[in-house]
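In what follows, a structure is listed as structure tokens, so that the remarks can point back to it.
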Amino acid sequence: MASTPHNKDSLTLSYIDGPQGSPNPDTDEKAAAQSPERRWSSTSGRHRLVGFLPTAIVVITTLGFVVIIVGFLLGTQYVPEQGGRGFHAAIHHKSFVLNEDKWTRGKSGSEGGHLRVLVISALASHLISDTSSILMTLIAYRIGAQWLRVSREGESGIAKSPTAFQYGLIVRLMGSSSISAIGETCVYAARSRTRHQLPRLFKQALGMSAGVWIFARLVGLADLWLHTTSKSIPVLSPIPDAAHTYMFAAKFNETICPAWRAVIQADVGDPSIDDIYPCSSTFEDFVFFNDPMSDTGFKSMGNESYSAWKAITLADEADLAVLVPGPAINTSSTSYTISTFAIRANCISLNSLCTKDATNATTNCTAAGYPQLPHFTTNSSDTVDDFIFGVVDGQLAGTEFGTLDIDSPMVMVDNPATMAVQLRWNSRVEGVTRNVYGLAANSTDLAIDTYPQPTLYAGCEVSFFNASVRLDGKRGTWSLLELTPSSPEFSTTLWLPTVVQHATEHLASTLFVIAKSRPKGEVMAALNQHLARLMLGAASGYFEPAPATEVYRLVPLLLGQYPVAPVLTFISLLCLYALLALSVFLSSWWTTDETIVFSSGESTGTQPKSILALTQAWLTSPAPLVEAALLGAGDRHGVQPVTEPPSGMFYDGKEGDARLGIGMSNNGFGLWRRATEKKETGVEEA
């Protein structure tokens, strides 16, 4: 039959707070007679390094993460983006820019990487939250030392000691330091009318528990701040590549002239043709009938996808046109320097400077310095066509047969060369002669004549150069490094395809809308850009690839950008957390402790005991209180070795009376010890 709870074996609130919880002299005398001889000795806590292990765990954990984070911050900085190395450069840049290694492509095709500092900070924040319970065990040493001190003060120390309920709250704070434990304790402390006076050690326990909890949350918030403000930046990092040859530069194809001369020699049958007709002579068959060379020029002017060359305009260099590798040449992921060729045009509008008839049509441009304009293709004086002329010794080259139109045995242009542009468009928009986007038809701001057809006349000075340019592959921009005027012979070579009208139709179609809709200044600016670009493209068939220099391959990297403020805040909090653990440890280091020393004849199981360590165990776990209240005297000597964990430091009772029950007893609700009763037939469990 089950036994009922007895008063002497039950634990209720009245048992803890009332006389039943007081020492029993008879029991104490009996236990003392059976216990070995004991004496007390005072010593300093530093001789036993009280709390050293939990302190080491907290300090190594926090400062270890600080070292790792600072190591990454200083060891993986990407100097080109950050602008320097070290904390000073990062503060000036307002962020740490770190090389997070290569920008990898995943199986799904997406590209990315990992921000390692964020991984470390997340792990540190998680572990700091876990080590807060370890830090509370250190604080328990400090609170326990105060409690021991006031317990020795006699009558004067009574008011400084905690009540039973306050002790229970302290145990909960020291054991968990959770928000619920802190909240319940704060509610109790706020009820000043219904509670006993709060001793100093209780206030310190509550304050330090709340401080540790807040500190751990601040570390988490700093980690969240760091996560929300940091970002990844994919970049292309230049790496020198001298092992490969990149044919991106341009040089004159020296095989053009010998090939043309061979054709002429075969036609004429005279080996002396080399002396009579040099490559850049008045005889232009090598332009007219060299289909591969002409085809290259037309592809370049049209910027076709399979073009080997293309001409670009450098706006920062006064609209200088430069020849660079075309779409057919793969120059991606590289930065390089090339030697090449360039052209710059400077045109002025002649329409307002020329003589006009009663209908406002241009009839003569002698006053503008171009008496050859307008050039009529028929005997009719009202029909002009599209031309780009070369002006040599007052004559127009390109009216019919290029340089053959010039009465000269050998054409050699100056650098810069003078050119004239005559373009005419058919207007299919009714009323275009009356108003051009708000400009009156007879306005001097127009770059064209509006009658009988929209017609443009311009005079240009065109300069030819040998150039050196560099491509910044990261930004995709070109910069001019060197510019040298070309020789008259080479200038004539670049000039010739345009005079043969290879670029005329391209120029007319490009300027069609601009010339009829925009003011004179804008039209001339567009003419400068397009004329130089098309002239260079038309002559691109003369060139062949040559090696580039200073080639850098662009390797994709992933950079991590970490703002300085959250990084330093996170590191500072970790350092302060370690400093807090050290300060609590040092306060225990200098604490006066007492040791229980047994007689020399006792076994090794009765080694000296630290009272401060025992007190810390009573403050961090409810097990000692339950053991003392319900199971009695503990083990034979009252305590177990301090070196054992809390689970082995106290007596757990014999199997016959080790189990507890909970519920209503004779003294009300509470715990009671469930003992077995001996019957005649044997032993019956409760």
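The values are calculated or read from the model by the stated rules, or taken from the named source; none is laboratory data. All values reported here derive from a predicted model rather than from experimental measurement. No Cβ is skipped: glycine too gets one built from the backbone with ideal geometry, and neighbour counts run over all protein chains shown. Quick note on the areas: whole protein, heavy atoms, side chains included, nothing else; ligands and nucleic acids left out. Shrake-Rupley method; radii C 1.70, N 1.55, O 1.52, S 1.80 Å.
Inside region 196-228, can you point out the residues that are among the hydroxyl-bearing types (Ser, Thr, Tyr) and surrounded by fewer than 15 Cβ atoms within 10 Å (Cβ to Cβ)?
THR228
With ASP382, ASP405, ASP386 as the choices, which residue is at pLDDT 80 or above, charged (D, E, K, R), more than 28 Å from THR484 (Cα to Cα) and surrounded by 13 or more Cβ atoms within 10 Å (Cβ to Cβ)?
ASP386
For the structure I just gave you, tell me whether SER237 is of a type in the set (S, T, N, Q), part of a helix (DSSP H, G or I) and either modelled with pLDDT of 90 or more or open to solvent by less than 30 Å² (accessible area, probe 1.4 Å) (or both).
no
Scan region 433-444 and give yes if some residue there is at pLDDT 85 or above, out of contact with any Lys or Arg (no Cβ under 6 Å at 6 or more places or on another chain) and open to solvent by less than 70 Å² (accessible area, probe 1.4 Å), otherwise no.
First, the residues of region 433-444 that are at pLDDT 85 or above: none.
Looking for residues that are at pLDDT 85 or above, out of contact with any Lys or Arg (no Cβ under 6 Å at 6 or more places or on another chain) and open to solvent by less than 70 Å² (accessible area, probe 1.4 Å), one finds none in region 433-444, hence no.
Kindly evaluate ALA578 against the criterion of being under 30 Å from GLU254 (Cβ atoms), of a type outside the set (Val, Ile, Thr) and open to solvent by less than 10 Å² (accessible area, probe 1.4 Å).
No; evaluated as a whole, the condition is false for this residue.
A quick yes/no check of all residues on (1) in a loop (DSSP other than H, G, I, E, B); (2) buried (at least 23 other Cβ atoms within 10 Å of the Cβ):
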| position | (1), (2) |
| --- | --- |
| ARG475 | yes, no |
| LEU481 | no, no |
| THR492 | no, yes |
| THR510 | no, no |
| VAL513 | no, no |
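Would you check which residues across region 152-180 are at pLDDT below 85, assigned to a helix (DSSP H, G or I) and closer than 20 Å to LEU138 by Cα and list them?
GLY175
Scan region 144-164 and tell me whether some residue there is surrounded by 14 or more Cβ atoms within 10 Å (Cβ to Cβ) and within 30 Å of VAL70 (Cβ to Cβ).
No - not one qualifying residue is present in region 144-164.
Here's the yes/no breakdown for (1) among the polar types (S, T, N, Q); (2) closer than 17 Å to GLY211 by Cβ:
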site: SER132; (1), (2): yes, yes
site: LEU148; (1), (2): no, no
site: GLU153; (1), (2): no, no
site: SER161; (1), (2): yes, no
site: ILE179; (1), (2): no, yes
site: VAL187; (1), (2): no, no
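Kindly establish whether ASN330 is open to solvent by 60 Å² or more (accessible area, probe 1.4 Å) and of a type outside the set (Phe, Trp, Tyr).
Criteria met by ASN330.
Since TYR562 meets every condition but one in (1) under 36 Å from the mean Cα position of the chain (by Cα); (2) buried (at least 18 other Cβ atoms within 10 Å of the Cβ); (3) farther than 17 Å from PHE65 by Cα, which condition does it not meet?
Checking TYR562 against (1) under 36 Å from the mean Cα position of the chain (by Cα); (2) buried (at least 18 other Cβ atoms within 10 Å of the Cβ); (3) farther than 17 Å from PHE65 by Cα, the one that fails is (3).
Restricting attention to region 302-324, which residues are open to solvent by less than 10 Å² (accessible area, probe 1.4 Å), touching a Gly at 6+ places or on another chain (Cβ under 9 Å) and of a type outside the set (S, T, N, Q)?
Across region 302-324, the qualifying residues are ALA321, LEU323.
Here's a check for you: in region 110-143, which residue that is assigned to a loop (DSSP other than H, G, I, E, B) and open to solvent by less than 60 Å² (accessible area, probe 1.4 Å) is farthest from ILE170 (Cα to Cα)?
My answer is GLY113.
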